[in-house]
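Below: the structure, in structure tokens.
The values are calculated or read from the model by the stated rules, or taken from the named source; none is laboratory data. Quick caveat: nothing in here was measured; it's all calculated off a predicted structure. Heads up, the Cβs are rebuilt from the backbone with ideal geometry, glycines too, and the neighbour counts pull from every protein chain shown. These accessible areas exclude ligands, DNA and RNA; they are computed on the full protein's heavy atoms, side chains included. Shrake-Rupley method; radii C 1.70, N 1.55, O 1.52, S 1.80 Å.
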Amino acid sequence: ALALVAVVALFVLRNSPVFAITSIEFEPTEHVSAEDVQNLAAVPEGSTLLNVDTGAIEESLRKNPWIASASFSRAFPNTLRITVEEQRPAALVLMSSGSIAWYLGESGCWIEPTKVEAAEGQSVDDAALAIAEGQGCLLVTDVPSTDETLDAVRRFQEGFSEDFSSQVACYSAPSVENVSCVLKSGVEVALGAPTDISEKEEIVRGYLDQSDGHVVRINVRVPSNPAYREIDSPNVQPGEGVSTTGE
């Protein structure tokens, strides 16, 4: 009898207007505003803190591509608190035409476009690099409207050792066979197609170790016939890791 009473009481409380949701609290994140959450949450009329379907709300919230997940807490009697975890961009992809770049999520999905506005005397590539660095993600430039080139970049980034990957400031990928990167030291590396990746890394490291900071470009497109270019000057300084145009 007591158990039955408890079940009935719980049912009554779940649907009681005393606990009806009348407000939603949300702390805006970098890319998600309170207005975004209010519009997407769409809490059904009559929902209470005890019967609200948080799974359905999270599914609705994830229509915003920046939202990776959502968690909920209840402030009785009437407030639902929502916390979202933003999707972390893995790369900022600058297309080969124009000044529009897209954020690419770690899951491989496109998040949203952003316009790259270069300051006076600044290239679009350099402006995009500054944005990518601010977001803590990789820059990939010269990308045509195809996913194959991005897959080639991913294969290089995953095929390199963790230490070497961390030295890459940006990639240029006009085609699958013509991938290059610029290291944070300013050295440009022509990588070619995403094959023999470990061998290419080993060759690059060898040139960097023996060059005493004078090498400016390394070509390992064909690992059996690598090449490099260096500046014969005692005044060579470390580069800034900015992107450059290919030859």
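Observations, loosely collected:
- Under a Gaussian network description of the chain, with springs only between Cα atoms under 10 Å, the residue in E27, E58, E133 that fluctuates furthest is E27.
- Phi angles of region 201-216 translate, via the Karplus equation with coefficients 6.51, -1.76, 1.60 and θ = phi - 60°, into HN-Hα couplings of 4, 4, 5, 4, 4, x, 5, 5, 5, 8, 8, 6, x, 9, 6, 10 Hz per residue; Gly and Pro are given as x.
- Here K200 is the anchor, and the lysines within straight C-alpha reach of less than 27 Å, apart from those fewer than 8 places off in the same chain, are K184.
- Taking amide hydrogens as placed 1.01 Å from N in the peptide plane, the amide H of V216 sits under 5 Å from those of R229, E230, I231, each at least 5 positions away in sequence or on another chain.
- Unit Cα scatterers, Debye sum, region 115-181: log10 I(q)/I(0) for q = 0.23, 0.25, 0.26 Å⁻¹: -1.04, -1.14, -1.19
- Between A68 and A193, the FRET efficiency from the beta-carbon distance, with R0 = 35 Å, is close to 0.60.
- Among (1) 115; (2) 192; (3) 179, the entry derived from the coordinates for volume of the Cα convex hull per residue in Å³: (3)
- When both region 186-212 and region 112-174 are represented by their alpha-carbon centers, they are found 18 Å apart.
- Inter-label distance for H214 and E30, nm, one decimal - labels placed 7 Å from Cα along Cα-to-Cβ: 4.1 nm
- Rounded percent of accessible protein surface that carbon and sulfur make up, the chain, 1.4 Å probe: 51 percent
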